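Engineer: Below is one structure. I have some questions about it.
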Amino acid sequence: MSSVSPLVSCRAIRKTYNHGEAQTPALRGADLDIHGGELLILAGPSGCGKTSLISIIGGMLDADSGDCKVLDKNIRTMSAQQRARFRGQHIGFVFQSFNLLPALTAVENISVPLLLQGVPRKAAESQARIVLESLGLASRADHSPGRMSGGQQQRVAIARALVHEPRLIICDEPTSSLDHDAGQTVMETLRKVARTAGRALLVVTHDPRIFCFADRIARMDDGRVISIETHSPKNFLS
Ligand SMILES: Nc1ncnc2c1ncn2[C@@H]1O[C@H](COP(=O)(O)OP(=O)(O)OP(=O)(O)O)[C@@H](O)[C@H]1O
């Protein structure tokens with residue numbers, strides 16, 4: 001783990017959702033650091049604020065107050081345009097609902113982050129195939145999402161989050177649609193990615209089968225991070 005400043009540093013993050021008269025406090029002073037080279041699992045009961053916190057770290061949601069730095073940049077003070085560019089370059093997301101483009105094949109979906117960075121199509125697609133193969137899905141490269149199972153779509157979504165080699169990868173329930181073996185394969189791949197110098201993975205999960213892949217498990221309750229356990233994950237690298 002890196003001894004330099006954390007890749008992500010959140011301090012006293014507060015967020016309340018307002019709908020007319022109704023106010024729902026989601027984060028009540030959440031603190032969290034994520035270091036380069038680690039896979040951190042964020043766990044906790046439904047409604048405790050996990051999605052809100054990862055959305056703020058990923059620059060998709062504004063906090064009401066507090067500090068959130070990613071790669072030493074203050075996400076809260078960026079303009080919308082700066083934030084979008086920063087996200088595109090440095091953050092990969094795996095959403096629970098996959099968010100794949102239905103008209104595109106797996107390889108085309110995975111190529112999108114590279115094309116947005118100006119990589120030529122042929123090079124982007126060849127890189128996409130390599131990542132897809134590492135996730136055991138080479139045979140579905142030219143299929144559209146509608147012709148794939150939920151688990152296969154999930155692996156395509158993971159490949160898309162990895163293809164542009166972002167420094168931070170945020171995964172919301174990355175194994176929820178996968179059986180045990182596929183889930184282990186995906187986590188082994190994510191674990192190797194985290195070990196790459198200077199990169200980190202933030203994984204939200206309810207799935208205890210994947211806790212063993214974490215370097216640390218941060219537990220949330222009632223809008224705060226209430227404990228952090230350090231683990232010695234299995235070393236999956238040769
Ligand atoms: N868009 C929203 N509008 C209003 N309230 C919201 C909104 N999103 C979340 N909340 C509320 O904020 C609180 C925290 O929600 P959040 O989704 O961050 O929790 P979570 O830990 O990710 O839950 P889960 O594990 O069920 O996904 C909950 O009480 C939730 O109902």
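Engineer: Work out how much length residue 28 to residue 86 would gain on full extension: take 0.36 nm times their residue separation and subtract the Cα-Cα distance, in nm to one decimal.
Structural biologist: Contour length minus the Cα-Cα distance gives 18.3 nm.
Engineer: Can you compute the FRET efficiency between residue 5 and residue 130 using 1/(1 + (r/R0)^6), with r the Cβ-Cβ distance and R0 = 35 Å? Round to the nearest 0.05.
Structural biologist: 0.65
Engineer: Here's another thing I want to ask about it. List, in order, the whole-Hz ³J(HN,Hα) value for each residue of the stretch 176-189 obtained from phi through the Karplus relation with A = 6.51, B = -1.76, C = 1.60 and θ = phi - 60°; use x for Gly and Pro.
Structural biologist: Whole-Hz 3J(HN,Hα) from phi for the stretch 176-189: 5, 9, 10, 6, 4, 5, 5, x, 5, 4, 4, 5, 5, 5.
Engineer: Under 10 Å from the Cβ of residue 106, count the other residues' Cβ atoms, weight Lys and Arg +1, Asp and Glu -1, and hand me the total.
Structural biologist: +3
Engineer: Of 15/192; 15/69; 73/192, which sit over 22 Å apart, Cα to Cα?
Structural biologist: 15/192; 73/192
Engineer: Per-residue ellipticity at 222 nm for the chain, helices alone: DSSP H runs ≥ 4 residues times -39500 (n - 2.57), over residue total, nearest 500 deg cm²/dmol?
Structural biologist: After summing the helix terms and dividing by the residues of the chain, the value is -9500 deg cm²/dmol.
Engineer: Suppose every Lys and Arg Cβ carries +1 and every Asp and Glu Cβ carries -1, with no other charges. What dipole size does the chain come out with about its Cα centre, to the nearest 20 debye?
Structural biologist: So the dipole magnitude of the chain works out to roughly 520 debye.
Engineer: Quick check: residue separation of residue 165 and residue 122 times 0.36 nm, minus the Cα distance between them. What number comes out in nm?
Structural biologist: The span from residue 165 to residue 122 would gain 13.7 nm if fully extended.
Engineer: Enumerate the amide H contacts of residue 199 below 5 Å, restricted to partners 5 or more residues apart or on another chain; note that Pro and chain-start residues carry no placed amide H.
Structural biologist: The answer is 37.
Engineer: For every other residue with a beta carbon closer than 14 angstrom to the beta carbon of residue 66, add +1 if it is Lys or Arg and -1 if Asp or Glu, then tell me the sum.
Structural biologist: Computed value for this residue: +2.
Engineer: If Lys and Arg each add +1 and Asp and Glu each add -1, what is the summed charge of the other residues whose beta carbon sits under 15 Å from the beta carbon of residue 78?
Structural biologist: +3
Engineer: Taking amide H positions as placed in the peptide plane 1.01 Å from N, state which residues far from residue 220 in sequence (5 or more) or on other chains have amide H under 5 Å from it.
Structural biologist: Amide H neighbours of residue 220, under 5 Å, 5+ apart: 43, 44, 226.
Engineer: For all pairs of alpha-carbon atoms in the chain, what percent lies in each bin of width 5 Å, listed from the first bin to the last filled one?
Structural biologist: Pairs per bin, as whole percents: 1, 7, 14, 18, 20, 17, 12, 8, 3, 1, 0, 0.
Engineer: A further question follows. Averaging sequence separations of C-alpha pairs under 8 Å and six or more residues apart, then dividing by the length of the chain, give the relative contact order as a whole percent.
Structural biologist: 28
Engineer: In debye, nearest 20: dipole of the stretch 150-238 around its Cα centre with unit charges on the Cβ of K, R (+) and D, E (-)?
Structural biologist: Its charge dipole is roughly 380 debye.
Engineer: With a bin width of 10 angstrom, please list the P(r) values of the stretch 172-215 as percents of all Cα-Cα pairs, from the 0 bin to the one holding the largest distance.
Structural biologist: 27, 60, 13, 0
Engineer: Now, a different point. Among 51, 117, 103, whose Cα projects farthest towards the positive end of the dipole of the stretch 37-138, with charges put on the beta-carbon of Lys, Arg (+1) and Asp, Glu (-1)?
Structural biologist: 117
Engineer: Compute the separation of the alpha-carbon centres of the stretch 71-88 and the stretch 1-62 and state it in Å as a whole number.
Structural biologist: Cα centroid to Cα centroid, the span is 16 Å.
Engineer: Taking N as the number of residues in the stretch 41-172, what is its alpha-carbon radius of gyration divided by 2.2 N^0.38 Å?
Structural biologist: That works out to 1.12 for the stretch 41-172.
Engineer: Whole-Hz Karplus ³J(HN,Hα) for the stretch 20-35, in order, using 6.51 cos²θ - 1.76 cosθ + 1.60 and θ = phi - 60°, x for Gly and Pro?
Structural biologist: x, 6, 7, 10, 10, x, 9, 10, 10, x, 7, 10, 7, 10, 10, 9
Engineer: Mind telling me which of 19, 164, 90 comes out most flexible in a GNM of the chain, alpha-carbon contacts under 10 Å?
Structural biologist: It is 19.
Engineer: Another one. As a test, work out the antiparallel percent of DSSP beta bridges whose residues both lie in the chain, rounded to the nearest 5.
Structural biologist: 60
No lab work stands behind these numbers, since they all come straight from the coordinates. Quantities reported herein were computed from a predicted structural model and do not represent experimental measurements. Cβ sites come from the backbone with ideal geometry, for glycine too, and all protein chains shown count toward neighbours.
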